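> I am attaching a structure below and will ask some questions about it afterwards.
The values are calculated or read from the model by the stated rules, or taken from the named source; none is laboratory data. Predicted model only: the values in this text are computed from it and were never measured. Positions of Cβ are backbone-derived with ideal geometry, glycine not excepted, and every protein chain shown enters the neighbour counts.
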Amino acid sequence: MAQKINGAHAFMQALIQEGVETIFGYPGGAIMPVFDALYDYSDQVNHILTRHEQGATHAAQGYARVSGKVGVSLVTSGPAATNAITGIADALLDSTPLVVITGQVGTALLGTDAFQEIDVVGITQPITKWSYQIRKAEDITWAVARAFYIARSGRPGPVVLDFAKSAQSQEVEFEYKPCTFIRSYIPVPAIKDEQIEKAAGLINQAKKPFALVGQGVILANAEKELLEFLEKADIPAASTLLGLSAMPSDFRLNKGFLGMHGNVAPNMKTNECDVLIAIGMRFDDRVTGDLNTYAKQAKIIHMDIDASEIGKNVTPDAPVLGSAKDSLPALIQKIKPAKHTEWIDSFAEHLKREQELVIEKELFPASGEITMGEVIHKVTKATADSAIVVTDVGQNQMMAARYFEYTKTRSMVTSGGLGTMGFGLPAAIGAKMGAPERTVCMFAGDGGFQMTIQELGTIMQEQIGVKMIVLDNRFLGMVRQWQELFFDERYSFTKMHNPDFVAIAKAYHIDGQIVTKREELDGAIADMMKDDKPYLLVVEVEQKGMVYPMVPAGTCVTNILLGE
Amino acid sequence: MEKTLYTITVFSENTVGLLNQITVIFTRRALNIETLSVSPSAIKGIHKFTITLFTTKDAVEKVVKQIDKRVDILKAYYNTDEDLVHQEIALYKLATEKVLEHGSIEHFIRKYNIRVLEISNDCTVFLKAGHYEETQALFEELSKTIGVLQFVRSGRIAITRSKVERLSDMLENMRKIEEKQ
């Protein structure tokens with residue numbers, strides 16, 4: 001008979017069995033037995049103390065997104081659990097594998113409005129793949145095994161384990177069995193031959209095929225298969241926000257970024273192609289604009305692992321249910337080699353127009369104030385396009401999505417679905433922990449940076465070498481842009497009086513500098529990149545910069561403002 | 001799009017909180033549940049939910065997919081009335097004195113095929129099983145003639161007419177997947 005250990009130790013051993021090496025957390029009353037056990041495992045598990053539970057969940061997200069492993073966050077009950085909610089919801093919308101463990105009051109106190117008691121399972125059910133309360137120690141190994149299996153399998157997502165304090169202290173025999181099967185859950189549906197046949201038939205007849213690449217390709221580790229597929233049938237492709245970096249930026253058939261602030265050519269060509277092939281993406285409204293005018297001329301192939309996504313926004317002519325890892329190779333077998341030279345060349349005129357009207361001015365302004373785009377361009381070039389970029393939300397995010405470039409996959413970490421301001425800094429911490437050998441560049445605006453600025457403390461304590469670039473325009477830039485365009489320039493509460501960010505960083509013993517003049521920029525970036533230490537670069541950019549091109553929300557994808 | 005009465009059938013594991021997981025899917029889309037009935041199914045450990053709602057085909061399809069996606073849901077599907085044999089049960093509490101005054105229990109038994117569950121000095125309880133319209137018609141007649149002290153109607157329960165048994169097929173399929181591992 002196995003020796004009995006307490007629930008907290010059983011829990012730690014279960015995490016180790018699941019391969020957990022890094023935990024982002026914050027201790028408190030109802031989780032103290034687990035933190036006490038953690039103390040005994042500090043040689044096997046690296047715990048990062050964040051400065052807020054929201055930071056712990058975002059850091060776990062950043063870690064998961066770059067490493068492909070499950071991100072783990074460990075917090076206490078009540079306010080800690082509610083603070084973690086934003087990260088949990090963010091992970092659901094962006095399909096990020098996360099296991100969030102919240103402490104809970106002892107079972108005797110459940111339902112009594114005890115100190116720091118909140119109905120975590122009730123609150124998190126709508127924003128998780130699975131949410132479960134562990135009430136007795138015998139359930140621990142089963143629940144942990146199931147949590148990791150659910151979080152990482154199929155379309156990944158967040159799982160919450162709400163761990164009653166009494167169960168943490170109960171004695172239990174430890175025996176671990178990983179979960180590999182749940183009879184009510186089909187994580188990866190088997191591909192159907194007839195669906196592959198139909199899709200291949202459409203592709204083989206296409207004169208003007210166009211592919212939309214989503215994060216599903218990255219989550220399935222199907223980047224190689226994607227490139228082979230596109231090459232074989234000579235199909236131009238563009239990425240959604242979360243699909244960025246699935247294809248290298250310089251890949252011949254990569255035509256850029258889709259959606260509201262995407263490139264002109266892919267948005268125009270969406271409504272010109274004859275076959276639209278969506279791979280692991282979900283036709284988000286920021287990609288489609290008005291659905292009534294979206295790709296009406298095209299036959300639509302929708303490949304996705306999640307049956308509930310197929311037909312949710314766009315009704316496909318040929319649905320292909322399954323993982324891109326299975327469906328792309330099956331399609332490659334069935335499609336004929338093709339050449340679509342004229343069609344592919346036709347993208348160039350739109351690119352030329354965008355280059356002249358938008359990109360040149362943004363990346364290479366001859367005079368005037370510094371622009372966001374030129375900072376991002378210089379930073380990506382300083383890393384030879386090999387870095388991981390983490391963004392906050394707003395103009396900084398869209399500019400980074402437009403101008404950062406990639407040579408490696410899993411290099412873009414951003415809050416796409418939920419659009420969480422404050423995501424950037426903690427997510428960058430997680431990204432650096434998940435890929436310590438890589439350079440991590442975080443772009444944030446002056447607004448979002450201040451939403452989770454306390455995580456500078458985490459960076460200081462752990463000496464996490466994140467390169468932080470704050471694009472400071474003294475405005476909530478994206479909201480200001482909408483006010484300028486759609487609200488008669490009534491700048492209602494978007495102007496910000498900002499502190500001396502570099503002085504704040506200095507207080508945390510983090511090196512940094514502020515750049516206000518163009519001629520200082522190259523030197524400052526070089527200074528930031530000289531070693532692997534944390535660094536804060538604040539760049540005063542133009543106050544009223546605009547992100548163009550722009551498809552106004554809810555309008556046709558070809559209705560593109562260029563700021564002429 | 002036209003709204004129809006749809007019946008959604010859900011088979012789930014018998015775990016805490018599943019009803020909440022299902023109802024939030026309706027709440028989020030501002031869909032009103034007309035009737036809801038939950039009970040153990042023929043298979044031990046598996047629960048069956050029968051939910052009816054008025055909505056469009058498009059909406060019901062999306063809701064069913066969202067329900068089916070939840071980890072502990074075994075199978076969810078929807079039907080319209082033509083595909084189903086369905087039933088509701090209603091109980092009617094009447095004042096015995098008024099029933100005797102009216103003097104026509106036989107009429108109700110013949111016309112509505114009711115069963116009398118209880119007769120005491122104070123009250124008489126009728127039971128009627130049937131479709132909504134049928135239990136409603138009896139309620140209306142009783143209200144006009146005798147007066148109804150209490151009335152309660154169950155949610156719908158339903159069985160499909162088709163040959164396909166989706167839960168057994170699903171379980172069989174999953175058993176094969178498990179064996180392969």
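> Run A:Met468 past the list (1) part of a helix (DSSP H, G or I); (2) touching a Cys at 6+ places or on another chain (Cβ under 9 Å) and report the number of the one that doesn't hold.
(1)
> In the stretch A:27-69, which residue that is in contact with a Leu (Cβ under 7 Å, 6 or more places away or on another chain) and surrounded by fewer than 23 Cβ atoms within 10 Å (Cβ to Cβ) is farthest from A:Met433 (Cα to Cα)?
A:Val45
> Given the conditions (1) loosely packed, with under 15 Cβ neighbours inside 10 Å; (2) outside any strand (DSSP E or B); (3) under 21 Å from the mean Cα position of the chain (by Cα), which single one is not true for B:Lys144?
Every listed condition holds for B:Lys144 apart from (3).
> Quick one: count up the residues across the stretch A:372-386 that are farther than 18 Å from A:Met546 by Cβ and buried (at least 24 other Cβ atoms within 10 Å of the Cβ). Steps first, answer last, please.
Here is the first cut: in the stretch A:372-386, the residues farther than 18 Å from A:Met546 by Cβ are A:378-386.
Subsequent filtering for residues that are buried (at least 24 other Cβ atoms within 10 Å of the Cβ) retains A:379.
Adding up the residues that qualify gives 1.
> On to the next question. Mind listing whichever residues of the stretch B:161-181 are of a type in the set (D, E, K, R), within 11 Å of chain A (Cβ to nearest Cβ) and either within 12 Å of A:Ile182 (Cα to Cα) or in contact (Cβ under 8 Å) with a residue 40 or more places away in the chain (or both)?
Matches in the stretch B:161-181: B:Arg175, B:Glu178.
> A:Ala137 fails exactly one of the following numbered conditions: (1) more than 14 Å from chain B (Cβ to nearest Cβ); (2) surrounded by 21 or more Cβ atoms within 10 Å (Cβ to Cβ); (3) touching a Ser or Thr at 6+ places or on another chain (Cβ under 7 Å). What is the number of that condition?
So A:Ala137 meets the others, but not (3).
> Being out of contact with any Leu (no Cβ under 7 Å at 6 or more places or on another chain), of a type in the set (Asp, Glu), within 24 Å of A:Gly416 (Cα to Cα) and more than 14 Å from chain B (Cβ to nearest Cβ) is the requirement here; does A:Glu362 meet it? Outline the logic, then answer.
Details: out of contact with any Leu (no Cβ under 7 Å at 6 or more places or on another chain): yes; of a type in the set (Asp, Glu): yes; within 24 Å of A:Gly416 (Cα to Cα): yes; more than 14 Å from chain B (Cβ to nearest Cβ): yes.
So A:Glu362 passes the test.
> List the number of the failed condition for B:Ser41; all other conditions in (1) surrounded by 15 or more Cβ atoms within 10 Å (Cβ to Cβ); (2) over 27 Å from A:Gly122 (Cα atoms); (3) under 17 Å from the mean Cα position of the chain (by Cα) hold.
Going through (1) surrounded by 15 or more Cβ atoms within 10 Å (Cβ to Cβ); (2) over 27 Å from A:Gly122 (Cα atoms); (3) under 17 Å from the mean Cα position of the chain (by Cα) one by one, B:Ser41 breaks only (2).
> May I pose another question? When residues of the stretch A:37-72 are filtered for being touching a strand residue (DSSP E or B) at 6+ places or on another chain (Cβ under 9 Å) and charged (D, E, K, R), how many remain?
Residues flagged as touching a strand residue (DSSP E or B) at 6+ places or on another chain (Cβ under 9 Å) and charged (D, E, K, R) within the stretch A:37-72 amount to 3.
> Here is a follow-up. Condition first: surrounded by 15 or more Cβ atoms within 10 Å (Cβ to Cβ) and β-branched (Val, Ile, Thr). Now tell me which residues in the stretch B:147-160 satisfy that.
B:Val148, B:Ile157, B:Thr160
> Which of (1) under 19 Å from B:Glu165 (Cα atoms); (2) loosely packed, with under 15 Cβ neighbours inside 10 Å; (3) charged (D, E, K, R) does B:Glu13 not meet, given it meets every other one?
Failing condition for B:Glu13: (2).
> Quick test for you: out of A:Pro187, A:Pro266, A:Pro248, pick the one residue that is closer than 30 Å to A:Phe148 by Cβ and either part of a strand (DSSP E or B) or not assigned by TED's automatic domain parsing to the domain that holds A:Gly154 (or both). Spell out how you get there, then give the answer.
Working: A:Pro266 fails: closer than 30 Å to A:Phe148 by Cβ; A:Pro248 fails: closer than 30 Å to A:Phe148 by Cβ.
The match here is A:Pro187.
> Further, regarding this structure: Here are some conditions: (1) over 27 Å from A:Met281 (Cβ atoms); (2) touching a Ser or Thr at 6+ places or on another chain (Cβ under 7 Å). A:Ile453 meets all but one. Which one does it not meet?
Unmet condition: (2).
> A further question on this structure: Among residues belonging to the stretch B:16-38 that are among the charged types (D, E, K, R) and either farther than 18 Å from B:Ala158 by Cβ or buried (at least 20 other Cβ atoms within 10 Å of the Cβ) (or both), point out the one that is nearest to the other protein chains (Cβ to nearest Cβ). Outline the logic, then answer.
Let us first name the residues in the stretch B:16-38 that are among the charged types (D, E, K, R), namely B:28-29, B:34.
Going one step further and asking which of them are either farther than 18 Å from B:Ala158 by Cβ or buried (at least 20 other Cβ atoms within 10 Å of the Cβ) (or both), we end up with B:28-29.
Working: B:Arg28: 7, B:Arg29: 12 Å.
The selected residue is B:Arg28.
> Out of the residues in the stretch B:52-90 that are of a type outside the set (Lys, Arg), closer than 30 Å to A:Pro158 by Cβ and in a strand (DSSP E or B), state the one that is farthest from the other protein chains (Cβ to nearest Cβ). Spell out the reasoning first.
Within the stretch B:52-90, the subset of a type outside the set (Lys, Arg) is B:52-56, B:58-61, B:63-64, B:66-68, B:71-74, B:76-90.
After this cut, where a residue has to be closer than 30 Å to A:Pro158 by Cβ as well, the list is B:53, B:55, B:58-61, B:63-64, B:66-68, B:71-74, B:76-78.
From what's left, in a strand (DSSP E or B): B:53, B:55, B:73-74, B:76-78.
Working: B:Leu53: 18, B:Thr55: 16, B:Ile73: 6, B:Leu74: 4, B:Ala76: 11, B:Tyr77: 13, B:Tyr78: 14 Å.
By that ranking, first place goes to B:Leu53.
> Every residue in the stretch A:302-322 that is buried (at least 18 other Cβ atoms within 10 Å of the Cβ), within 14 Å of chain B (Cβ to nearest Cβ) and either hydroxyl-bearing (Ser, Thr, Tyr) or part of a strand (DSSP E or B) (or both), please.
A:His302, A:Asp304, A:Ser308, A:Pro319, A:Leu321
> Inspect all residues belonging to the stretch B:161-175 and state whether any of them is outside any helix (DSSP H, G or I), surrounded by 15 or more Cβ atoms within 10 Å (Cβ to Cβ), at pLDDT below 95 and outside the structural domain of B:Glu34 (by TED's automatic domain parsing). Steps first, please.
Let us first name the residues in the stretch B:161-175 that are outside any helix (DSSP H, G or I), namely B:161-165.
With the extra rule that they be surrounded by 15 or more Cβ atoms within 10 Å (Cβ to Cβ), the set shrinks to none.
No, the stretch B:161-175 contains no residue that is outside any helix (DSSP H, G or I), surrounded by 15 or more Cβ atoms within 10 Å (Cβ to Cβ), at pLDDT below 95 and outside the structural domain of B:Glu34 (by TED's automatic domain parsing).
> So, A:Val160, is that one within 30 Å of A:Leu321 (Cα to Cα), away from chain B (no Cβ under 12 Å) and under 20 Å from the mean Cα position of the chain (by Cα) or not?
When the stated conditions are applied, A:Val160 does not pass them.
> Here is a further query. Being basic (Lys, Arg), modelled with pLDDT of 95 or more and more than 16 Å from A:Leu321 (Cβ to Cβ) is the requirement here; does A:Lys192 meet it? Give the steps one after another, and end with the answer.
Details: basic (Lys, Arg): yes; modelled with pLDDT of 95 or more: yes; more than 16 Å from A:Leu321 (Cβ to Cβ): no.
Judged against the criteria, A:Lys192 is not a match.
> Same structure, new question: Between a residue in the stretch A:531-560 that is at positive phi and any residue that is outside any strand (DSSP E or B) and at pLDDT 95 or above, which pairs come within a Cβ distance under 9 Å, given they are 6 or more apart or on different chains?
A:Gly554/A:Asp285; A:Gly554/A:Gly289; A:Gly554/A:Asp290
> Something else: Restricting to the stretch A:176-218, count the residues that are more than 14 Å from every other protein chain (Cβ to nearest Cβ), of a type outside the set (Phe, Trp, Tyr) and under 31 Å from the mean Cα position of the chain (by Cα).
Kept after step one, since they are more than 14 Å from every other protein chain (Cβ to nearest Cβ), are these residues of the stretch A:176-218: A:176, A:191, A:193-218.
Applying the additional criterion that residues be of a type outside the set (Phe, Trp, Tyr) yields A:191, A:193-209, A:211-218.
Now restrict to residues that are under 31 Å from the mean Cα position of the chain (by Cα): A:191, A:195-196, A:199-200, A:203, A:208-209, A:211-218.
The total comes to 16.
> Now for a different question. Is there any pair with a first residue in the stretch B:8-32 that is in a helix (DSSP H, G or I) and a second that is small (Gly, Ala, Ser) and modelled with pLDDT of 95 or more whose Cβ atoms are under 6 Å apart and which are 6 or more apart or on different chains, and what are they?
B:Leu18/B:Ser12
> Could you tell me which numbered condition B:Ala158 fails, if it satisfies all but one of (1) touching a residue at least 60 places away in the same chain (Cβ under 8 Å); (2) more than 27 Å from B:Ile51 (Cβ to Cβ)?
(2)
> What residue, of A:Asp488, A:Asp522, A:Asp527, is part of a loop (DSSP other than H, G, I, E, B) and acidic (Asp, Glu)?
Within the list A:Asp488, A:Asp522, A:Asp527, the selection yields A:Asp488.
> Residue under question is B:Phe108, and the condition is that it be assigned to a helix (DSSP H, G or I), over 25 Å from A:Ala307 (Cβ atoms) and touching a residue at least 12 places away in the same chain (Cβ under 8 Å); does it hold?
Working: assigned to a helix (DSSP H, G or I): yes; over 25 Å from A:Ala307 (Cβ atoms): yes; touching a residue at least 12 places away in the same chain (Cβ under 8 Å): yes.
Judged against the criteria, B:Phe108 is a match.
> Would you mention how many residues in the stretch A:323-371 are of a type in the set (S, T, N, Q) and either within 30 Å of the chain's Cα centre (by Cα) or buried (at least 20 other Cβ atoms within 10 Å of the Cβ) (or both)? Lay out the reasoning, then the answer.
Initially, the stretch A:323-371 is screened for residues of a type in the set (S, T, N, Q), giving A:323, A:327, A:333, A:341, A:346, A:355, A:367, A:371.
Next cut, either within 30 Å of the chain's Cα centre (by Cα) or buried (at least 20 other Cβ atoms within 10 Å of the Cβ) (or both) only: A:323, A:327, A:355, A:371.
Matching residues across the stretch A:323-371 total 4.
> Right, something else. Being of a type in the set (Lys, Arg) and either within 14 Å of another protein chain (Cβ to nearest Cβ) or farther than 16 Å from A:Thr240 by Cα (or both) is the filter here; which residues of the stretch A:266-301 pass it? Talk me through it step by step, then tell me what you get.
Filtering the stretch A:266-301 for residues of a type in the set (Lys, Arg) gives A:269, A:282, A:286, A:296, A:299.
Answer for the stretch A:266-301, where residues must be of a type in the set (Lys, Arg) and either within 14 Å of another protein chain (Cβ to nearest Cβ) or farther than 16 Å from A:Thr240 by Cα (or both): A:Arg282, A:Lys296, A:Lys299.
> Moving on. Within the stretch A:155-176, which residues are within 29 Å of A:Ala108 (Cα to Cα) and of a type in the set (D, E, K, R)?
The initial filter retains those residues of the stretch A:155-176 that are within 29 Å of A:Ala108 (Cα to Cα), namely A:158-176.
If the condition is that a residue be within 29 Å of A:Ala108 (Cα to Cα) and of a type in the set (D, E, K, R), then A:Asp162, A:Lys165, A:Glu171, A:Glu173, A:Glu175 are the ones that fit.
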